[in-house]
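Okay, structure first, notes after.
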Amino acid sequence: MPGPLLAAALFAPAANRSDLLLRLFASVVLSAVLLMLAHKFLRRRGRRVLIVAVTFLGGLLFTLEYFWPTHLVKGRQVNFLTDWIEPATIALSIIGAFTVGLGVHSLTQVHGRLLLRRRPGWHNSLAFFISMVAMFVLVLWDFSAKAKPSAAGVLPFHNAVYEILFNGIYQPLIAATFSLLAFYIASAAYRAFRIRSAEAALMMAAAFIVMLAQVPLGAWLTHGIPQAGPLGYLGFFRLERLGDWIMKSWNSPAQRGITFGVAVGALAMSLRIWLSLERGTFFSQQPEASVEGNSAGSATES
Amino acid sequence: MSQTASPSLWQRLQQIPRGYVYALLAAVVVWQLVWPIRLPIAPSTPTDGVFDAIRAVPNDKLIIISADWDASTQAETGPQTTAIMHAIFRAKRKFALLNLATPAGVKLANDRAVAVAKQYGARYGVDWCNWGYKYGGSNVVIGLAKNIQAAIQIDHDNTPVGKLPMMAGVKDVHDIGLVIEVSGSQMTELWLQFFQGTYGTPLANAVTAVMAPGYYPYLDSHQLQGMLVGAKGAAEMEALLRSPGQGYAIMSAQSWAHVLILLLIVVGNLGYLLARKGERR
């Protein structure tokens, strides 16, 4: 079976539920075996070589596919690597999804330790576990049951509890946390914004105009300035037009410059990561002991 | 031991306790939410752009609302999403909701869609649908352009999208008339790179006010058809639709909150300049 076809068969959507479960089981077992083998037999150098090689090959595939000359097949511009792009992106998505598990594992470890040792703030860790488990169970329950409200509009129990947790607790908590920013911004603007130089004065003038132009009050304050007639040229001094002028004529070129600068920086950074030249990539900043495992660690200590 | 002199009036003007600033701001916001002073709202050019882009979508094409927001930014993105949905239903077009960044936001946008659809008698699967959260960011956008049903597969309710009546004939990027990205993050870039930039599909966005300055260059280059800027953008869209809603209500509070912040800055600087003048003497 040619490579792309094999890849397409492997990454194609499951035909039915049992096929999906079989694939999931096989993938988990295979991944676990591969990880265990890699962990057991690969030392620091070996692990590094493996990661550097996978990173380089992944980058090479996308780069080559983009730059390699293409020919027309069934209305699509393709080359010999095009068929590999979709399986590679799916694999990338799957690897990315594993980071969610990594996050849960890390949070569980940190909060579990705090809770078991009754460290200060342990009650926050307890709240974390209760919230995580409650939402996890209820969402899975909801997902599998897919129950609908009764004719009287009464929600099933799990659905009602989920609504209370999501709409009644989660949503207001997140919104309240972010709304606190408005208070910090108001306080910070009052404390930090001082006209200590000509540049600061310019910045303040621009801030005043843009802030007022962003709200209807600004437009109302200068609505008396004519926009037409012999004095129509004065319309430029209406706050909404001044604000628009600052955003388009001053902010826009500055943003464009920043975008170019960031893009060049990102290109250089991507190249360094692709070629594993970046300092701190993978294991280069880790001490030998933490990579080699306990035996090596105890050897270093002794 | 030197005795500390009590601060002068000018110094005290620079050191209003943080708690007073917070209390003043809270009071102003509550005052305007309860007793709003309504001021006329004139739509800006970027908002006109979004409104016109929706009306310019051919009847047989779908609009994607990529609602990549959650509770954190919903004060701005929520009213924006609602106003956009109203504009789409008023123009008798169809839309699909999508979420590429914030799984927790799917329900929030869906609740708004259900409420707006009810007002227009719009039916799920016929006039609008919710593709739900799709993991993969750029991969999903690239996949959508080539084969929508393969990239989305199932909707928010686990129904295969191919079974939704409105999806009949919707195959790839050529069946999409407009993409509107609503978010408090830089998700617009994905659509700019892999959809608008590659296939020329019209694109508009609705972002939080703090994100907006970064997108003006794309308005200049006409890569973005229009932009809703924060709650003001939502209020302007409501003004265009002649149906004041949440955006309008927020703008009164935001207007006076801005005035308060500017007044505080003036007071702080007055204290600073007068104190400095006193020191020179």
Please state which one of B:Ala212, B:Ala204 is under 19 Å from the mean Cα position of the chain (by Cα), of a type outside the set (Ser, Thr, Tyr) and under 19 Å from B:Leu98 (Cα atoms).
B:Ala204
What is the one condition in (1) more than 8 Å from chain B (Cβ to nearest Cβ); (2) at pLDDT below 90 that A:Leu202 does not satisfy?
(2)
Tell me the residue from A:Leu239, A:Leu221 that is within 22 Å of B:Ala249 (Cα to Cα) and more than 10 Å from chain B (Cβ to nearest Cβ), please.
A:Leu239
Quick check, is B:Ala53 at pLDDT 95 or above, in the same structural domain as B:Met237 (by TED's automatic domain parsing) and surrounded by fewer than 24 Cβ atoms within 10 Å (Cβ to Cβ)?
yes
Starting from residues that are modelled with pLDDT under 95, of a type in the set (S, T, N, Q) and under 16 Å from the mean Cα position of the chain (by Cα), keep the ones in the range B:217-267 and report whichever is surrounded by the most Cβ atoms within 10 Å (Cβ to Cβ).
B:Gln254
Tell me yes or no: at least one residue of the range B:192-203 is closer than 30 Å to A:Leu140 by Cβ and more than 11 Å from chain A (Cβ to nearest Cβ).
no
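I need the full set of residues from the range B:1-58 which are in contact with a Gly (Cβ under 6 Å, 6 or more places away or on another chain) and either part of a helix (DSSP H, G or I) or within 12 Å of chain A (Cβ to nearest Cβ) (or both), in order please. Before you say what the answer is, go through the steps one by one.
Within the range B:1-58, the first condition is being in contact with a Gly (Cβ under 6 Å, 6 or more places away or on another chain), and the residues that meet it are B:10, B:13-14, B:46-47, B:49-50, B:53, B:57-58.
Passing the criteria: B:Trp10, B:Leu13, B:Gln14, B:Pro46, B:Thr47, B:Gly49, B:Val50, B:Ala53.
Of A:Ser187, A:Ser197, A:Ser179, which residue is under 30 Å from B:Ala71 (Cβ atoms) and either more than 11 Å from chain B (Cβ to nearest Cβ) or modelled with pLDDT under 90 (or both)? Lay out the reasoning, then the answer.
On the way: A:Ser187 fails: either more than 11 Å from chain B (Cβ to nearest Cβ) or modelled with pLDDT under 90 (or both); A:Ser197 fails: under 30 Å from B:Ala71 (Cβ atoms).
After applying the criteria, what remains is A:Ser179.
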Quick one: would you say B:Val141 is in contact (Cβ under 8 Å) with a residue 40 or more places away in the chain and over 15 Å from B:Ile88 (Cα atoms)?
yes
Can you tell me which condition B:Phe89 does not meet? The list is (1) of a type in the set (Phe, Trp, Tyr); (2) away from chain A (no Cβ under 12 Å); (3) closer than 27 Å to A:Asp244 by Cβ, and all the others hold.
(3)
The number of residues in the range B:144-161 that are over 22 Å from A:Pro87 (Cβ atoms) and either basic (Lys, Arg) or at the interface with another protein chain (Cβ under 10 Å from one of its Cβ atoms) (or both) is 2
State which residue is nearest to B:Ala253 (Cα to Cα) when the search covers only the range B:212-233 and only residues that are in a helix (DSSP H, G or I) and in contact with a strand residue (DSSP E or B) (Cβ under 7 Å, 6 or more places away or on another chain).
B:Gly233
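Looking only at residues in the range B:1-50 that are more than 30 Å from B:Glu238 (Cβ to Cβ) and aromatic (Phe, Trp, Tyr), which one is surrounded by the most Cβ atoms within 10 Å (Cβ to Cβ)? Steps first, please.
Filtering the range B:1-50 down to residues more than 30 Å from B:Glu238 (Cβ to Cβ) leaves B:1-21, B:23.
Retained after the next criterion (residues that are aromatic (Phe, Trp, Tyr)): B:10, B:20.
Numbers: B:Trp10: 17, B:Tyr20: 11.
Residue satisfying both the conditions and the ranking: B:Trp10.
Return the residues of the range B:59-75 that are within 14 Å of another protein chain (Cβ to nearest Cβ) and acidic (Asp, Glu); say none if nothing qualifies. So that I can check it myself, show each step before the final result.
Applying the first criterion (within 14 Å of another protein chain (Cβ to nearest Cβ)) to the range B:59-75 yields B:69-75.
B:Asp70, the sole residue that qualifies.
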Among A:Ile85, A:Ile94, which is assigned to a helix (DSSP H, G or I) and at pLDDT below 80?
A:Ile94
Over the range B:221-249, the set of residues more than 10 Å from chain A (Cβ to nearest Cβ), within 23 Å of B:Ile180 (Cα to Cα) and of a type in the set (A, V, I, L, M, F, W, C) is B:Leu224, B:Met227, B:Leu228, B:Ala234, B:Met237, B:Leu240, B:Leu241
Among the residues that make up the range A:227-236, is at least one of them hydroxyl-bearing (Ser, Thr, Tyr), farther than 30 Å from B:Pro17 by Cα and within 13 Å of another protein chain (Cβ to nearest Cβ)?
no
Just one of the numbered conditions (1) among the hydrophobic types (A, V, I, L, M, F, W, C); (2) modelled with pLDDT of 90 or more; (3) under 30 Å from B:Gly19 (Cβ atoms) is not true of A:Leu116; which one?
(3)
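Take A:Leu165 and decide whether it is assigned to a helix (DSSP H, G or I), facing chain B (nearest Cβ under 9 Å) and modelled with pLDDT under 90. Write out each step before concluding.
On the way: assigned to a helix (DSSP H, G or I): yes; facing chain B (nearest Cβ under 9 Å): no; modelled with pLDDT under 90: yes.
No: the conditions fail for A:Leu165.
Quick one: which residue in A:Thr70, A:Thr55, A:Thr99 is free of Cβ contacts under 8 Å to residues at least 24 places away in the same chain, hydroxyl-bearing (Ser, Thr, Tyr) and either more than 14 Å from every other protein chain (Cβ to nearest Cβ) or more than 24 Å from A:Glu278 (Cα to Cα) (or both)? Let's see the steps before the verdict.
On the way: A:Thr55 fails: free of Cβ contacts under 8 Å to residues at least 24 places away in the same chain; A:Thr99 fails: either more than 14 Å from every other protein chain (Cβ to nearest Cβ) or more than 24 Å from A:Glu278 (Cα to Cα) (or both).
Exactly one residue qualifies, and that residue is A:Thr70.
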Tell me the residue from B:Asp111, B:Asp127 that is out of contact with any Ser or Thr (no Cβ under 6 Å at 6 or more places or on another chain) and either more than 10 Å from chain A (Cβ to nearest Cβ) or crowded, with 18+ Cβ neighbours inside 10 Å (or both), please.
B:Asp127
Would you be able to tell me the number of residues in the range A:242-264 that are more than 8 Å from chain B (Cβ to nearest Cβ), in contact with a helix residue (DSSP H, G or I) (Cβ under 7 Å, 6 or more places away or on another chain) and more than 22 Å from B:Gly247 (Cα to Cα)?
2
Looking at the range A:110-140 only, could you name the residues that are outside the structural domain of A:Asn167 (by TED's automatic domain parsing) and under 22 Å from the mean Cα position of the chain (by Cα)?
A:Val110
Per the filter on the range A:84-114, residues farther than 27 Å from A:Leu57 by Cβ and in contact with a helix residue (DSSP H, G or I) (Cβ under 9 Å, 6 or more places away or on another chain) are A:Val104, A:Leu107, A:Thr108, A:Val110, A:His111, A:Gly112, A:Arg113, A:Leu114
Kindly indicate whether any position in the range B:4-19 is more than 25 Å from B:Ala231 (Cβ to Cβ), in contact (Cβ under 8 Å) with a residue 60 or more places away in the chain and among the aromatic types (Phe, Trp, Tyr).
yes
Out of all the residues in the range A:102-132, which are within 14 Å of chain B (Cβ to nearest Cβ) and polar (S, T, N, Q)?
A:Ser131
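The values are calculated or read from the model by the stated rules, or taken from the named source; none is laboratory data. Nothing here was measured: the structure is a model prediction, and the numbers come from that model. Please note: Cβ atoms are built from the backbone with ideal geometry, for glycine as well, and neighbour counts cover all protein chains shown.
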